[in-house]
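The values are calculated or read from the model by the stated rules, or taken from the named source; none is laboratory data. No experiment lies behind these values; they were computed from the predicted model shown. All Cβ positions, even for glycine, are placed from backbone atoms using ideal geometry, and neighbour counts span all protein chains on display.
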Amino acid sequence: MLNPLRSGNIDRYCDYHQEKGHYTNDCIQPRKQLEMALESGKLNYLVKDVRRRGKGSQGQDYPQPAKIINVISVNSVKDKKRKIREATESWMNIPITFPAVSSEDISEEPLIVKAEVEGYLVRRVYVDEGSSVEVMFEHCFEKLNPRIKARLRETQTDLVGFAGEVSKPLGKIELEVCFGNRGLCRRTFMKFIVVRAPSPYNTILGRPGLKTLRAIPFTIHAMMKFPTLKGVATLVTRTLIITECRCLEKKQMVE
């Protein structure tokens, strides 16, 4: 409380402080807490409901675009399919270990692997644990078969960069992917957000994909491991891929 309790205000009560002296609606502290919560996005769902009621939707649903800041994520209703818990099988609980690594062998490079997407071999797949969505860049999407590209659907998700610039994704698409080879592989479906942006990578594998694969990425070892029916699969970042990504990045910066 900024002001001491005055005798003339003993009939006023604040539920936040549980003291007399002022009304709850006039209290500064909870107002500051609400402002901080709004700025952090914790109350976006409340603001969304208020906007809908203010528009007089009369039962209609007006989807609000989700805003993403600094990291790639979505703030939309999860697909019902994701809520269905996958039945745990014995091979999914195979112990996964990593070898000892010396200080000279510690990697600081990004974790980049390859995958099969709808029958296409896609290189330069960036493994990003900070992304809550899988991303496919336009230059990769355009190389798919027209029948596959026709499955692209609209999305209400906006991407916001570090400088505050907003980019609208081209859409979203569900694709069959396969990670691994020589029998040690996992085949599943993943939903990708297709974006138009310069990038040395073709796709980004985020947390949902890692969860589906039950994969454990380890940047220090420059590898990613995940269980399969025939054992543990290991994907390793190759030096050639790192060099290729750097060359593409420099070229895009010049352009």
TODO: Out of the residues in region 204-251 that are of a type in the set (Lys, Arg) and not in a helix (DSSP H, G or I), state the one that is nearest to PHE98 (Cα to Cα).
DONE: LYS225
TODO: Tally the residues that are under 18 Å from the mean Cα position of the chain (by Cα) and free of Cβ contacts under 8 Å to residues at least 60 places away in the same chain, restricting the search to region 108-129.
DONE: 0
- [ ] Go through the residues of region 25-39 one by one and say whether even a single one is touching a His at 6+ places or on another chain (Cβ under 9 Å), at pLDDT 65 or above and outside any helix (DSSP H, G or I).
- [x] yes
TODO: Could you give me the residue pairs with C-beta distances under 7 Å whose first residue belongs to region 170-191 and is free of Cβ contacts under 8 Å to residues at least 24 places away in the same chain and assigned by TED's automatic domain parsing to the domain that holds THR155, whose second residue is exposed (fewer than 15 other Cβ atoms within 10 Å of the Cβ) and aromatic (Phe, Trp, Tyr) wherever it lies, and which are 6+ apart or on separate chains?
DONE: GLU174/PHE189
- [ ] Please work out which residue is modelled with the lowest pLDDT, limiting yourself to region 84-111 and to residues that are closer than 28 Å to GLU244 by Cβ and touching an Asp or Glu at 6+ places or on another chain (Cβ under 9 Å).
- [x] PRO110
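Can you pull out the residues in region 89-145 that are at positive phi and exposed (fewer than 13 other Cβ atoms within 10 Å of the Cβ)? Spell out the reasoning first.
Residues of region 89-145 at positive phi: 118-119, 124.
Once the filter is applied, which keeps residues that are at positive phi and exposed (fewer than 13 other Cβ atoms within 10 Å of the Cβ), region 89-145 yields only GLY119.
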Task: Which numbered condition ARG151 misses (of (1) outside any strand (DSSP E or B); (2) modelled with pLDDT under 95) - done: (2)
TODO: Given the conditions (1) modelled with pLDDT under 65; (2) loosely packed, with under 11 Cβ neighbours inside 10 Å; (3) assigned to a loop (DSSP other than H, G, I, E, B), report the number of the one that PRO63 does not fulfil.
DONE: (2)
Task: Selection within region 240-255 - more than 17 Å from HIS139 (Cβ to Cβ) and among the aliphatic types (A, V, I, L, M) - done: LEU240, ILE242
Open item on the list: Contact list please: Cβ distance under 6 Å, first residue in region 149-164 and assigned by TED's automatic domain parsing to the domain that holds VAL133 and surrounded by 14 or more Cβ atoms within 10 Å (Cβ to Cβ), second residue aliphatic (A, V, I, L, M) and at pLDDT 90 or above, pairs at least six apart or on different chains.
Closed with: LEU152/ILE173
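Suppose we filter THR228, THR219 for residues that are in contact (Cβ under 8 Å) with a residue 40 or more places away in the chain and in contact with a Cys (Cβ under 7 Å, 6 or more places away or on another chain); which single one remains?
On the way: THR219 fails: in contact with a Cys (Cβ under 7 Å, 6 or more places away or on another chain).
Sole residue among the options that is in contact (Cβ under 8 Å) with a residue 40 or more places away in the chain and in contact with a Cys (Cβ under 7 Å, 6 or more places away or on another chain): THR228.
Return yes when LYS191 is within 23 Å of VAL133 (Cβ to Cβ), in a helix (DSSP H, G or I) and within 20 Å of the chain's Cα centre (by Cα) and no when it is not.
no
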Task: region 1-24 - residue that is of a type in the set (Ser, Thr, Tyr) and either loosely packed, with under 11 Cβ neighbours inside 10 Å or not in a loop (DSSP other than H, G, I, E, B) (or both) and, of those, modelled with the lowest pLDDT - done: SER7
